[in-house]
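Here the structure comes first, spelled out in structure tokens, and everything after it is commentary.
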Amino acid sequence: MTTVADAKPFHWEYRPEAVARELFRVEGGQPLEGTVTISGAKNAALKLFAAATLTGERCRLTNVPEIEDVRVMADTLRDLGIVVDHPADNVYEIASGDVEWLFVPLEAAAKMRASFILLGPLLARFGRVIISNPGGDRIGRRPVDLHVEAMRALGAEIDYRNGYYFARSPGRLRGGTVRFPFVSVMGTENAMLAATLAEGKTVIQPAAQEPEVDDLIEFLQSMGASVQRTKPDTIEILGQKRLRGADHQVVPDRIETGTFIVAAAVTGGKITLNNAPCDHLGAFLDTVGRVGVDVSCHGDTIEVDGSGLRDGGYKACDIETAPYPGLATDLQPPTAVLLSQANGTSRVHEAVFEDRLEWLTEIRRMGASVEVLDPNHATIDGPSQLVGTEVEIGDLRAGASLILAALAAKGTTTIHGAHHVHRGYENIERKFRDLGASISRTAEGTADTSS
Ligand code: EPU
């Protein structure tokens, strides 16, 4: 029998598209001054797009960040036959009435692991989907076993062949208990999306507590879903036969916010952040406060005064990442840059991911005194005078953090692999330039193309 998946390349046939390589060139040493407006959160927006496939009616999302991952998600949905309109900057409309193709290919998964969030909603609404495994050797070890087990707990049958999950549900999914061995953000979201159209009640525990999960709950509720967070780590869903279209404004990006707070702190600058989610940054603000950065919140405005840097007043601080409400793993790289400017030895424990300290070798090349003890632990001795040099971005958050290090450094830093940063930060170089930074983005091997 020929399946839909046979028509598309399998893992061994896949050739990644050539990426247009870009670099940032940063002239450091300038204290940042001014006001920056924070964009909508990447890790909320991507899941809201997936949620919109739960209904045939039109959904409208505003405050969507204009970033590469959103474009990949929009194109992935269009490839399925879903209408995705982009009537204005930061506004997307999604109409999933006619879906022609219940197949999410490796092309999507290789570009963006978050494409796996389509498993739950497509399976729940259409009863079947074939979806590429975003893990595996080709694109790094990032398992999705918790997502798959969650679908099975809701009655789905799932086989794994040739790099693809073949998922089906003979009738509606059945509500049930989804018990995770540890917290998973997208695992929680996939289970929750699937359960909104299942028959009966689903309980998810432990459920992730990230603000982006609550943003998704809010959108699902306005689509008519019965979803409640009944305890901090428990989400209960009563499945509905159908959901309706809804409008939603994406929650502001707490990781982008943290990135700009560190930018002011390590340049000794003074900036105001608008549309900033102060309430979602408790553990991070506690850390930067202990370091000695002056940060104050007024509604959705945050003021950062980094003059403590010039007074030599930043203090070392031990940090450990954890699921929310702990210190976000996505803020570990920016925080490490801050610690490189603090007096004394700071210990860093990356407890969520195994491969998130490797980038520290790049700031070591810029003069930071860093020792990586094992894949999860490092020490940083500060303060170090960072010095511009050539560095390479390995992933999105490390990339943004190398910009921070370059802004704090003496001289010029050339950062290769700039395209990674555009996966998750809207107009990052323009936002930094508006704060007085000297930063340009250039295609590798060509003259400056930024304006
Ligand atoms: N894990 C498994 N099996 C699974 C799923 C996860 O073992 O089936 C492990 C992971 O390998 C990791 C831990 O569980 O060690 C937690 O991962 P989680 O599932 O919570 O991460 P995620 O949902 O895949 C999201 C964000 C990440 C962010 C993490 C943690 C999106 C699209 N991604 O990933 O964001 O770091 O939660 O907060 O929401 C980023 O934006 O740069 C980014 C990587």
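A few comments on the model shown:
- The stretch 372-400, residues that are closer than 28 Å to Glu22 by Cα, under 23 Å from the mean Cα position of the chain (by Cα) and not hydrophobic (A, V, I, L, M, F, W, C): Glu392, Gly394, Asp395, Arg397, Gly399
- Positions within the stretch 158-193 being of a type outside the set (Phe, Trp, Tyr), within 13 Å of the ligand (Cβ to nearest atom) and surrounded by fewer than 17 Cβ atoms within 10 Å (Cβ to Cβ), in sequence order: Pro181
- Complete set of residues in the stretch 86-128 that are farther than 20 Å from Gly245 by Cα, under 24 Å from the mean Cα position of the chain (by Cα) and away from the ligand (no atom under 16 Å from the Cβ): Asp89, Phe103, Pro105, Leu106, Glu107
- Condition met for Thr446 (within 23 Å of Val19 (Cβ to Cβ) and modelled with pLDDT of 95 or more): no
- The residues of the stretch 314-333 that are closer than 27 Å to Asp395 by Cβ and away from the ligand (no atom under 13 Å from the Cβ), listed by number, are Tyr314, Ala316, Cys317, Asp318, Ile319, Glu320.
- Any hit, the stretch 93-103, residues being closer than 28 Å to Lys431 by Cβ and either assigned to a strand (DSSP E or B) or of a type in the set (A, V, I, L, M, F, W, C) (or both): yes
- Subset of the stretch 361-385 [more than 17 Å from Leu407 (Cα to Cα), outside any strand (DSSP E or B) and charged (D, E, K, R)]: none
- Single residue of the stretch 387-436 satisfying the filter (in a loop (DSSP other than H, G, I, E, B), touching a strand residue (DSSP E or B) at 6+ places or on another chain (Cβ under 7 Å) and at pLDDT 95 or above) that is farthest from Ala114 (Cα to Cα): Gly411
- Selected residue (criterion: surrounded by the fewest Cβ atoms within 10 Å (Cβ to Cβ)) from residues of the stretch 38-67 that are assigned to a helix (DSSP H, G or I) and more than 12 Å from the ligand (Cβ to nearest atom): Thr53
- If you go through the stretch 141-155 and pick out every residue that is surrounded by 19 or more Cβ atoms within 10 Å (Cβ to Cβ), away from the ligand (no atom under 12 Å from the Cβ) and more than 20 Å from Leu243 (Cα to Cα), you end up with 1.
The values are calculated or read from the model by the stated rules, or taken from the named source; none is laboratory data. Computed from a predicted model, the values in this text were never measured in an experiment. Don't worry about glycine lacking a Cβ; one is built from the backbone with ideal geometry, like all the others, and counts go over all protein chains shown.
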